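Engineer: Here it is, the structure in full.
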Amino acid sequence: MELLKTANEVAARTTAARGRGETVGLVPTMGALHAGHASLIATAAEQCALVVVSVFVNPLQFGPGEDFERYPRNLEADLQRAAEAGADLVFAPGIEQLYPPPVNITVHVGELADVLEGAVRPGHFDGVVTVLTRLFNLVGPARAYFGEKDYQQLVIVRDLVRELRLPIVIVNCPTLREEDNLARSSRNAYLDPTARAAASVLYRALAAGAAATEQGTRDAAAVRRAMYAVTEMEPAATVDYLEVTDPERLIVLERIDGPVRLLGALRIGGVRLIDNLAAAPNPTAD
Ligand code: AMP
């Protein structure tokens with residue numbers, strides 16, 4: 001496996017691969033790679049001849065007061081994990097490689113950027129799609145891999161490629177979890193033991209919402225109450241949101257008439273966690 005640090009090198013390598021008729025796959029990450037990232041890379045390795053993993057902590061997607069400075073960075077460990085998972089190339093650029101000054105062009109996300117995560121993190125999704133547009137253009141992947149863990153991001157990335165007509169297939173990969181079902185995340189490293197023990201409450205709340213949905217609850221407010229009933233049992237948790245949405249456009253629902261996506265975010269011990277689950281009314285529940 002090769003490590004490249006410049007935009008020119010990665011463009012040359014991927015252009016050559018496309019010239020040989022190879023499928024280029026891209027797994028964009030911010031590093032601190034864990035088993036969740038590894039599963040994306042492994043899926044890409046099954047489907048692509050050249051798997052590029054980008055490792056870049058993108059300043060544009062962090063708001064003021066967020067954790068850009070302290071976000072975990074460990075390139076040595078990332079290289080090993082990426083290689084083990086089947087990556088061919090890690091692209092770990094310095095900031096000037098992706099954002100050569102002047103940075104005059106950014107990409108703006110419409111109303112999907114103002115709800116759920118976007119409501120709590122203004123500007124976050126503009127930062128995400130701006131770096132992805134630059135990465136997509138540089139790497140020229142036929143396929144790009146994203147985790148369902150960041151479900152709103154996935155929906156927005158699908159809009160990005162559809163609306164800009166980028167010739168990229170977006171592949172979504174299921175969320176990898178710890179034994180207590182906490183979604184794996186680079187930010188879990190911030191959790192102290194007490195917070196870590198409490199952190200599975202987010203999954204348990206979403207699972208309670210999914211169970212209520214599957215049992216035939218049609219009133220979304222009742223499903224929300226089922227989720228809040230779980231988080232209220234955990235005094236260390238402060239909920240940012242727990243919502244019942246439609247899975248395509250993430251519109252917050254009042255009534256459940258089909259498949260839904262339950263999304264949640266909460267803070268425990270100063271650490272912000274997000275997660276989501278799919279659910280659908282059981283056809284025999286009526
Ligand atoms: P990040 O490094 O947090 O920007 O994540 C890079 C990619 O890995 C994104 O597409 C995430 O959705 C995905 N990812 C992060 N955590 C997980 C997980 N637990 N399971 C599956 N995919 C994940």
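The values are calculated or read from the model by the stated rules, or taken from the named source; none is laboratory data. Note that the structure is a prediction, hence the values are computed from the model and not measured. Please note: Cβ atoms are built from the backbone with ideal geometry, for glycine as well, and neighbour counts cover all protein chains shown. The protein model used for the area step is the full one, side chains on, heavy atoms only, and it has no ligands, DNA or RNA in it. Shrake-Rupley method; radii C 1.70, N 1.55, O 1.52, S 1.80 Å.
Engineer: From Val103, Val90, Val157, which residue is β-branched (Val, Ile, Thr) and touching a residue at least 40 places away in the same chain (Cβ under 8 Å)?
Structural biologist: Sole residue among the options that is β-branched (Val, Ile, Thr) and touching a residue at least 40 places away in the same chain (Cβ under 8 Å): Val90.
Engineer: Still on this structure, I have one more. Can you tell me which residue among Glu243, Glu178, Glu232, Glu214 is within 27 Å of Thr29 (Cβ to Cβ), out of contact with any Gly (no Cβ under 7 Å at 6 or more places or on another chain) and open to solvent by 50 Å² or more (accessible area, probe 1.4 Å)?
Structural biologist: Answer to the check: Glu178.
Engineer: A further question on this structure: Please determine whether any residue of the stretch 57-73 is in a helix (DSSP H, G or I), loosely packed, with under 14 Cβ neighbours inside 10 Å and over 17 Å from the mean Cα position of the chain (by Cα).
Structural biologist: Within the stretch 57-73, none of the residues are in a helix (DSSP H, G or I), loosely packed, with under 14 Cβ neighbours inside 10 Å and over 17 Å from the mean Cα position of the chain (by Cα).
Engineer: What are the pairs with Cβ atoms under 9 angstrom where one residue, in the stretch 231-260, is more than 12 Å from Thr213 (Cβ to Cβ) and assigned by TED's automatic domain parsing to the domain that holds Arg218 and the other, located anywhere, is acidic (Asp, Glu) and surrounded by fewer than 15 Cβ atoms within 10 Å (Cβ to Cβ)? Sequence gap at least six, or different chains.
Structural biologist: Every condition considered, the pairs that remain are Val239/Glu232; Glu254/Asp219.
Engineer: Tell me which of these Phe136 doesn't satisfy, since it passes every other one: (1) crowded, with 21+ Cβ neighbours inside 10 Å; (2) in contact (Cβ under 8 Å) with a residue 60 or more places away in the chain; (3) in contact with a helix residue (DSSP H, G or I) (Cβ under 7 Å, 6 or more places away or on another chain).
Structural biologist: The one condition Phe136 does not meet is (3).
Engineer: Return the residue satisfying two criteria in turn: it lies in the stretch 157-175 and is among the hydrophobic types (A, V, I, L, M, F, W, C) and within 12 Å of the ligand (Cβ to nearest atom), and of such residues it is surrounded by the fewest Cβ atoms within 10 Å (Cβ to Cβ).
Structural biologist: That would be Ile170.
Engineer: Still on this structure, I have one more. Of the residues Arg255, Arg272, only one is within 19 Å of Gln152 (Cα to Cα) and open to solvent by 40 Å² or more (accessible area, probe 1.4 Å); which? Walk me through how you get there before you give the answer.
Structural biologist: Working: Arg255 fails: within 19 Å of Gln152 (Cα to Cα).
Result: Arg272 is the single residue among Arg255, Arg272 that is within 19 Å of Gln152 (Cα to Cα) and open to solvent by 40 Å² or more (accessible area, probe 1.4 Å).
Engineer: Just for the stretch 181-199: of the residues that are at negative phi and touching a Ser or Thr at 6+ places or on another chain (Cβ under 6 Å), which one is surrounded by the fewest Cβ atoms within 10 Å (Cβ to Cβ)?
Structural biologist: Leu182
Engineer: Yes or no: the stretch 105-115 includes at least one residue that is within 12 Å of the ligand (Cβ to nearest atom) and at pLDDT 95 or above.
Structural biologist: no
Engineer: Could I ask something else about it? Take the residues of the stretch 20-56 that are part of a strand (DSSP E or B) and touching a His at 6+ places or on another chain (Cβ under 9 Å): which is farthest from the ligand (Cβ to nearest atom)?
Structural biologist: My answer is Val53.
Engineer: Can Ala87 be described as surrounded by 14 or more Cβ atoms within 10 Å (Cβ to Cβ) and either away from the ligand (no atom under 15 Å from the Cβ) or not in a loop (DSSP other than H, G, I, E, B) (or both)? Step through it out loud before you land on a result.
Structural biologist: Numbers: surrounded by 14 or more Cβ atoms within 10 Å (Cβ to Cβ): yes; either away from the ligand (no atom under 15 Å from the Cβ) or not in a loop (DSSP other than H, G, I, E, B) (or both): no.
Considered against the rule, which asks whether it is surrounded by 14 or more Cβ atoms within 10 Å (Cβ to Cβ) and either away from the ligand (no atom under 15 Å from the Cβ) or not in a loop (DSSP other than H, G, I, E, B) (or both), Ala87 comes out as no.
Engineer: Going by what's in this entry, would Arg224 be described as in contact with a strand residue (DSSP E or B) (Cβ under 9 Å, 6 or more places away or on another chain) and either surrounded by 19 or more Cβ atoms within 10 Å (Cβ to Cβ) or touching a residue at least 40 places away in the same chain (Cβ under 8 Å) (or both)?
Structural biologist: Against the criterion (in contact with a strand residue (DSSP E or B) (Cβ under 9 Å, 6 or more places away or on another chain) and either surrounded by 19 or more Cβ atoms within 10 Å (Cβ to Cβ) or touching a residue at least 40 places away in the same chain (Cβ under 8 Å) (or both)), Arg224 qualifies.
Engineer: Continuing with this model, one more query. Consider Leu202 carefully, then state whether it is open to solvent by less than 10 Å² (accessible area, probe 1.4 Å), farther than 17 Å from Val252 by Cα and part of a helix (DSSP H, G or I).
Structural biologist: Against the criterion (open to solvent by less than 10 Å² (accessible area, probe 1.4 Å), farther than 17 Å from Val252 by Cα and part of a helix (DSSP H, G or I)), Leu202 qualifies.
Engineer: Would you pick out the residues in the stretch 134-156 that are over 21 Å from Ala7 (Cβ atoms) and within 11 Å of the ligand (Cβ to nearest atom)? Walk me through how you get there before you give the answer.
Structural biologist: The initial filter retains those residues of the stretch 134-156 that are over 21 Å from Ala7 (Cβ atoms), namely 146-156.
Within the stretch 134-156, Phe146, Gly147, Glu148, Lys149, Asp150, Tyr151, Gln152, Gln153, Leu154 meet the criteria.
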